[in-house]
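Asker: Okay, handing you the structure first.
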Amino acid sequence: MLSGFHGEVANFSHPFLLAMKQAPTTVTSRLFRSIVRFWFVVTFLSQLVFAYYVLMVYWRSIAARNWEHWNTVNSHFFVRSDRTGNLVFALHVFFAAIVTLLGPLQLVPQIRSRAPRIHRWCGRVYISTAILMGLSGLYLTWVRSAIGGLQMSIAITFNALIILTTAFFAIRYARARNFKLHQQWAVHLFVAMSGVWMFRVFFMLWMVIHQAPVGFDPDTFTGPFLTALAIGVYIFPQAIVAWYFSARQTYIRWITWGFTLFLLLTTLGIFVGTIGATLGMWLPRI
Ligand code: HEM
């Protein structure tokens, strides 16, 4: 799928490295690159905790064949009469840990340059698994019915479509050996794949701030806040990625400053939301 990728571009760097090499060394560009690194480290650590939760709750129960354990998270995850639905759910959560662990690693330039074969194989596994996550997620949403009502189902369906589309273009441009566009689509894919993790982190940030269910009904898990959050994490980040590339490629002052400030605030939100999700949601379920 990605054959010839690294032989062809031995000196080609990841978008993050490119930014570091090509950018003018002004205060604006230095700050921009530092905040991008800060975002990456916080995101990586947060996704590690999420992957740990998935491994401990789902992989452990799958290994022990203790399917009922899924229902400690939500009472409709294991349905005795629905063998196909249970199988799709098992595959979905099995792959969830793999993509969550692999995603950030694909963005580390050192792995890319020092271990290109590993990066290439991880890329194959990541994109194949991303497609399976999108398809299994669609099944769970529309055949099994998901938590959160119609608006949330529509928003996460867009997320699945974005995953499938960005995966398609990431593969297509890798095959066409257009590595610049391949990497841009790969970053779009990574951000789309992070939507589910972002939903949990920003949901818990909201709960940390309000200390109560504000803007949604906790029994039905529906309401304006949840609809806005779903759009904000499943669809809107694609525009942020376009903003990132525009800032990085042009270094037009107001675009770069605006993006840097936005990313700093977002990263602080991820930091606090991760603490909330870890202590209030993930650790108690393990
Ligand atoms: C691509 C990254 C994704 C990851 C890492 C992921 C991860 C997970 C995890 C861990 C769960 C179990 C619930 C929990 O313990 O929090 C879950 C459930 C579920 N996922 Fe995903 N998922 C992803 C994508 C999707 C997509 C794209 C869809 C829909 C199109 C989807 C639909 C669902 C549904 C419907 C459930 C059952 C829970 C519910 O009813 O809302 N997922 N997912």
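The values are calculated or read from the model by the stated rules, or taken from the named source; none is laboratory data. A quick note: this is a predicted structure, and the numbers were derived from the prediction, not measured. Glycine also receives a Cβ, built like all others from the backbone with ideal geometry; neighbour counts cover every protein chain displayed.
Asker: Can you tell me which condition S113 does not meet? The list is (1) over 27 Å from F190 (Cα atoms); (2) modelled with pLDDT under 95, and all the others hold.
Answerer: Of (1) over 27 Å from F190 (Cα atoms); (2) modelled with pLDDT under 95, only one is false for S113: (1).
Asker: Within segment 129-144, count every residue that is in contact (Cβ under 8 Å) with a residue 24 or more places away in the chain and within 7 Å of the ligand (Cβ to nearest atom). Break it down into steps so the answer makes sense when it comes.
Answerer: So the first thing to find is which residues in segment 129-144 are in contact (Cβ under 8 Å) with a residue 24 or more places away in the chain, and the list is 129-137, 139-140, 143-144.
Narrowing the set further to residues that are within 7 Å of the ligand (Cβ to nearest atom) leaves 130, 133-134, 137, 140, 144.
Adding up the residues that qualify gives 6.
Asker: Still on this model: Looking at segment 192-218, which of its residues are assigned to a helix (DSSP H, G or I) and away from the ligand (no atom under 11 Å from the Cβ)?
Answerer: Matches in segment 192-218: V201, F202, M204, L205, W206, M207, V208, I209, H210.
Asker: Residue check: is Y52 in a helix (DSSP H, G or I), buried (at least 19 other Cβ atoms within 10 Å of the Cβ) and within 14 Å of the ligand (Cβ to nearest atom)?
Answerer: It is false that Y52 is in a helix (DSSP H, G or I), buried (at least 19 other Cβ atoms within 10 Å of the Cβ) and within 14 Å of the ligand (Cβ to nearest atom).
Asker: Exactly one condition in (1) within 25 Å of the chain's Cα centre (by Cα); (2) at pLDDT 95 or above; (3) within 16 Å of the ligand (Cβ to nearest atom) is false for T84; which is it?
Answerer: Unmet for T84, out of (1) within 25 Å of the chain's Cα centre (by Cα); (2) at pLDDT 95 or above; (3) within 16 Å of the ligand (Cβ to nearest atom): (1).
Asker: Here is a further query. Only residues in segment 41-67 that are on the phi < 0 side of the Ramachandran plot count as the first member; pair them with residues that are charged (D, E, K, R) and assigned to a loop (DSSP other than H, G, I, E, B), Cβ under 9 angstrom, at least 6 apart or cross-chain, and list the lot.
Answerer: Sorted first by the residue in segment 41-67, then by its partner, the pairs are W67/R80.
Asker: Among the candidates I147, I98, I156, I171, single out the residue that is buried (at least 17 other Cβ atoms within 10 Å of the Cβ), on the phi < 0 side of the Ramachandran plot and either within 7 Å of the ligand (Cβ to nearest atom) or of a type in the set (D, E, K, R) (or both). Before the answer, list the steps.
Answerer: Working: I147 fails: buried (at least 17 other Cβ atoms within 10 Å of the Cβ); I98 fails: either within 7 Å of the ligand (Cβ to nearest atom) or of a type in the set (D, E, K, R) (or both); I171 fails: either within 7 Å of the ligand (Cβ to nearest atom) or of a type in the set (D, E, K, R) (or both).
The match here is I156.
Asker: Can F216 be described as buried (at least 16 other Cβ atoms within 10 Å of the Cβ), at pLDDT below 95 and over 21 Å from the mean Cα position of the chain (by Cα)?
Answerer: Taking the combined requirement at face value, the residue does not satisfy it.
Asker: From the set of residues in segment 101-115 that are touching a helix residue (DSSP H, G or I) at 6+ places or on another chain (Cβ under 7 Å), touching a residue at least 40 places away in the same chain (Cβ under 8 Å) and surrounded by 16 or more Cβ atoms within 10 Å (Cβ to Cβ), which is nearest to L164 (Cα to Cα)?
Answerer: G103
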